[in-house]
1. I need the full set of residues from region 217-250 which are within 26 Å of residue 187 (Cβ to Cβ) and either modelled with pLDDT under 95 or not in a helix (DSSP H, G or I) (or both), in order please.
2. Read through the list (1) within 30 Å of residue 121 (Cβ to Cβ); (2) modelled with pLDDT of 95 or more, then give the number of the only condition that residue 460 fails.
3. Tell me the residue from 191, 203, 212, 160 that is on the phi > 0 side of the Ramachandran plot, surrounded by 14 or more Cβ atoms within 10 Å (Cβ to Cβ) and under 22 Å from the mean Cα position of the chain (by Cα), please.
4. Given the conditions (1) farther than 19 Å from residue 56 by Cβ; (2) in contact (Cβ under 8 Å) with a residue 40 or more places away in the chain; (3) part of a helix (DSSP H, G or I), which single one is not true for residue 196?
5. On the basis of being part of a loop (DSSP other than H, G, I, E, B) and touching a strand residue (DSSP E or B) at 6+ places or on another chain (Cβ under 6 Å), does residue 65 make the cut?
6. Restricting the search to region 310-348, which residues are closer than 30 Å to residue 364 by Cα and within 22 Å of the chain's Cα centre (by Cα)?
7. Looking at (1) out of contact with any strand residue (DSSP E or B) (no Cβ under 9 Å at 6 or more places or on another chain); (2) assigned to a helix (DSSP H, G or I); (3) more than 13 Å from the ligand (Cβ to nearest atom), which is the one condition that is false for residue 190?
8. So, in region 140-172, exactly how many residues are out of contact with any helix residue (DSSP H, G or I) (no Cβ under 7 Å at 6 or more places or on another chain) and more than 14 Å from the ligand (Cβ to nearest atom)?
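The values are calculated or read from the model by the stated rules, or taken from the named source; none is laboratory data. Predicted model only: the values in this text are computed from it and were never measured. Methodologically, a virtual Cβ is constructed for each residue, glycine included, from the backbone with ideal geometry; neighbour enumeration extends over all protein chains shown.
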Ligand code: TRP
């Protein structure tokens with residue numbers, strides 16, 4: 001975490017004070033283990049927080065459409081740290097989501113000097129190849145490039161109207177020296193996150209963005225911008241129920257019944273308000289209290305759960321009458337796995353992590369050298385037992401290699417009781433990681449030459 005309590009999305013410094021992050025950024029931290037079919041990352045508390053995930057869970061329960069948007073930086077080799085987002089994506093895909101994957105080639109150009117052609121090659125041969133091997137289903141996955149999707153760039157430009165340099169200074173710490181390509185990168189990411197809602201890319205539906213918490217500044221920015229574009233604000237009332245309030249803006253004066261002099265034309269206003277009332281009545285509410293003059297519509301009996309349905313109704317109405325009708329993105333956040341040396345995982349320090357195509361030999365060496373939670377002598381270890389919270393091999397079993405909860409729990413019990421030595425846990429990790437890496441390599445082989453199945457038409 002950088003100065004001023006900021007998270008710098010471009011730094012490899014990964015704050016791990018999750019409790020503070022949840023509070024400081026207003027994330028929700030409900031028990032994700034109680035989800036329908038929780039995946040491994042949820043069951044084990046690895047996904048620790050979210051924004052509006054209940055909206056997405058509602059879609060799962062009703063079999064309503066929803067999408068996932070994820071992104072990759074096409075630089076360096078793919079390692080275990082990167083696979084965590086894909087584990088989340090795969091889980092959402094199994095629950096019915098369509099998947100968009102952005103190759104952040106413009107961002108890599110702006111922030112790392114990676115050329116577009118090099119970015120393309122790395123994205124496909126390194127990342128998409130491994131995503132395929134990790135089990136993403138190509139039928140509902142679309143990989144695209146920031147540099148070749150005009151809709152994304154156009155959104156980046158137009159939504160840029162809703163923010164300014166001071167806000168970027170506050171969020172990202174940008175200053176007068178900041179390269180302008182770097183300034184554009186977050187706006188392109190806003191475009192990435194918003195664009196699946198456009199009619200050409202699947203239309204209005206919730207979009208969830210699974211990320212490491214370092215990406216949260218972009219999500220806050222996107223949610224804030226989306227909300228600023230909304231013509232109708234949907235809020236919970238203190239007294240219970242939901243209020244819809246018109247948001248009069250430069251671009252919608254005519255539709256809101258406001259004349260250039262600021263006078264409200266009650267006929268236009270009444271017509272608009274009764275269209276909203278009709279939309280809400282469609283949902284089955286009969287007690288709807290409109291107040292045209294103040295531009296609000298109250299639905300006293302609506303619950304929190306109804307709020308989303310009302311929101312969807314007014315967003316599609318907004319689209320019909322010329323607005324963008326954007327839903328703020330939902331998001332989920334996973335913990336970072338510790339680096340093998342106790343440092344952060346980083347592609348530039350190969351000893352800190354396991355790469356998707358590491359040889360068994362290299363992996364074995366890394367696990368053997370990894371920080372352990374064992375006691376200094378065998379006698380002490382048998383007496384006091386090992387500490388799983390410090391033991392990298394155990395944590396890698398927990399995060400990546402051991403799918404079976406019972407088997408994992410047995411390792412934990414035996415390690416903590418002193419029955420298993422640190423070296424034993426490392427050997428278990430090496431065996432499991434060997435299976436995992438060999439399986440992945442075999443699957444990569446099966447996808448050789450077929451990766452275009454994952455690419456969107458504008459990416460070929
Ligand atoms: N900024 C992300 C990274 O550094 C890449 C990215 C671009 C992204 N657009 C995105 C991630 C949209 C999630 C959603 O890795």
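1. Taking region 217-250 as the starting set, the residues that turn out to be within 26 Å of residue 187 (Cβ to Cβ) are 217-234, 247-250.
Those that are within 26 Å of residue 187 (Cβ to Cβ) and either modelled with pLDDT under 95 or not in a helix (DSSP H, G or I) (or both): 230, 231, 232, 233, 234, 247, 248, 249, 250.
2. Going through the list (1) within 30 Å of residue 121 (Cβ to Cβ); (2) modelled with pLDDT of 95 or more, residue 460 breaks only (2).
3. On the way: 191 fails: on the phi > 0 side of the Ramachandran plot; 212 fails: on the phi > 0 side of the Ramachandran plot; 160 fails: on the phi > 0 side of the Ramachandran plot.
Only one candidate passes the filter, namely 203.
4. Residue 196 satisfies all of (1) farther than 19 Å from residue 56 by Cβ; (2) in contact (Cβ under 8 Å) with a residue 40 or more places away in the chain; (3) part of a helix (DSSP H, G or I) except (1).
5. Details: part of a loop (DSSP other than H, G, I, E, B): yes; touching a strand residue (DSSP E or B) at 6+ places or on another chain (Cβ under 6 Å): no.
So residue 65 does not fit the description; no.
6. Step one: list which residues in region 310-348 are closer than 30 Å to residue 364 by Cα, which gives 333-348.
Those that are closer than 30 Å to residue 364 by Cα and within 22 Å of the chain's Cα centre (by Cα): 333, 334, 335, 336, 337, 338, 339, 344, 345, 346, 347.
7. That leaves (3) as the condition not met.
8. Residues in region 140-172 being out of contact with any helix residue (DSSP H, G or I) (no Cβ under 7 Å at 6 or more places or on another chain) and more than 14 Å from the ligand (Cβ to nearest atom): 11 in total.
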